1. Got at least one residue in region 262-276 being over 27 Å from Thr57 (Cβ atoms), at pLDDT below 95 and either in a helix (DSSP H, G or I) or not small (Gly, Ala, Ser) (or both)?
2. Here are Ile195, Ile208, Ile218: which of them is aliphatic (A, V, I, L, M) and touching a strand residue (DSSP E or B) at 6+ places or on another chain (Cβ under 6 Å)?
3. Where residues in region 187-230 are among the small types (Gly, Ala, Ser) and part of a helix (DSSP H, G or I), which of them is surrounded by the most Cβ atoms within 10 Å (Cβ to Cβ)?
4. Need the failing condition index for Gln258 against (1) without any contact (Cβ under 8 Å) to a residue 24 or more places away in the chain; (2) touching a His at 6+ places or on another chain (Cβ under 6 Å), just the number.
5. Kindly indicate the residue of region 28-61 that is surrounded by fewer than 16 Cβ atoms within 10 Å (Cβ to Cβ) and among the polar types (S, T, N, Q) and also farthest from the chain's Cα centre (by Cα) among those meeting that condition.
6. Would you check if Leu184 is touching a Leu at 6+ places or on another chain (Cβ under 6 Å), crowded, with 22+ Cβ neighbours inside 10 Å and not small (Gly, Ala, Ser)?
7. Residues in region 304-319 that are in contact (Cβ under 8 Å) with a residue 40 or more places away in the chain, under 18 Å from Ala105 (Cβ atoms) and not aromatic (Phe, Trp, Tyr): how many?
Amino acid sequence: MPLMSRRTLLAAGTALPACAILRPAHAAEFSYKYASNLPVTHPLNIRAQEAVDRIKTASSGRLEIKVFPNNQLGSDTDMLGQLRNGALEFFTLSGLILSTFVPPASINGVGFAFKDYDQVWKAMDGPVGTYVRGEIDKRGLVAFEKIWDNGFRQITTSTRPIRTPDDLAGFKIRVPVSPLWTSLFQDLGAGPTSINFSEVYSALQTRIVDGQENPLAIIETAKLYEVQKYLSMTNHMWDGYWFLANRRAFERLPKDLQDLTRTEFNRSAVEERTDVAAMNGSLGDTLKGQGMAVNQPDPAPFRDKLRKAGFYADWKAKYGEQAWSTLESVVGTLA
């Protein structure tokens, strides 16, 4: 008997299975997108790609996630909008930038709050992280349990090293689009300008601003040493990336794929923390070798200036007693 064509089958009233009509053989059941603002060589993107590969293998191809690094899908604010409306399913974003939508998400960035990584992970894997994830959940997004490390932030400049708060007087510095960053540097006497990360290199190159602040891994992978001369190791705030999901898209996944996705991205987050710690151990010398002059300021005068300017009291009032007491339960009294 000759083989019948699809047309013949349909004409004869023989229904093909819906999956055969709607989904090609070997196509993923779910095809999602993940985006970040970091260069492809940053540990976050390397470990995220590994998680994506493990998820595809473990799900037998049912869930396929395509990675878009380095602001390929737009600025931070653009991608946050895409995440919220469902055009983007997964996104890693600093809590300080997320705070434009979820105000409490910036609390980990309070100036000079954390003295070391032991305090950071005690807070973010503990009460502070739990509190922030709850606030994110209230606004229709899902935040996975392990925050990724962006690192303690340092100041780079093209004009002079930053040794004391007086060196920041009138200094034009790029900061991310976040009220906390603007407030911090205003209270330190600088002139902060909010610029999305995708525009930072050109803003430094054209002297729209004289400096910026970022963790060492970003300073190196984004090649900011090409347009900056001085690196001041201020450790003025710690910043991390929440792995975020659009709730509607995440809840469309069957429970087994939800669990797999959480497990693999949380695993990669912990591995990325180790990568960043290893990089930070050597990046100071690497950046010196790339022509930067490195100095280590005493944080005490900066903290004192913030306290006198009312920075801590103001932000305690903005965050509220519950959020502030949660942070101080780990780091001690700030205000």
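The values are calculated or read from the model by the stated rules, or taken from the named source; none is laboratory data. Values in this document were obtained by computation on a predicted structure and should not be read as measured data. With ideal geometry, Cβ positions are generated from the backbone for all residues, glycine too; neighbour counts draw on all protein chains shown.
1. We begin by selecting, within region 262-276, every residue over 27 Å from Thr57 (Cβ atoms); these are none.
Scanning region 262-276 turns up no residue that is over 27 Å from Thr57 (Cβ atoms), at pLDDT below 95 and either in a helix (DSSP H, G or I) or not small (Gly, Ala, Ser) (or both).
2. Numbers: Ile208 fails: touching a strand residue (DSSP E or B) at 6+ places or on another chain (Cβ under 6 Å); Ile218 fails: touching a strand residue (DSSP E or B) at 6+ places or on another chain (Cβ under 6 Å).
Answer to the selection: Ile195.
3. Across region 187-230, the extreme among qualifying residues is Ala217.
4. (2)
5. My answer is Ser60.
6. Here the answer is no, as Leu184 does not meet what is asked.
7. Applying the first criterion (in contact (Cβ under 8 Å) with a residue 40 or more places away in the chain) to region 304-319 yields 305-306, 309-312, 314-315, 318-319.
Remaining after also requiring under 18 Å from Ala105 (Cβ atoms): 314-315, 318-319.
This time we only want the ones that are not aromatic (Phe, Trp, Tyr), so: 314, 318.
So the count comes out to 2.
Listed here are the residues, each with its yes/no results for (1) touching a Leu at 6+ places or on another chain (Cβ under 8 Å); (2) small (Gly, Ala, Ser); (3) closer than 24 Å to Glu220 by Cα.
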| position | (1), (2), (3) |
| --- | --- |
| Gly86 | no, yes, no |
| Phe91 | yes, no, yes |
| Pro104 | no, no, no |
| Asp116 | no, no, yes |
| Arg139 | no, no, no |
| Ala169 | no, yes, no |
| Lys172 | no, no, yes |
| Pro179 | no, no, no |
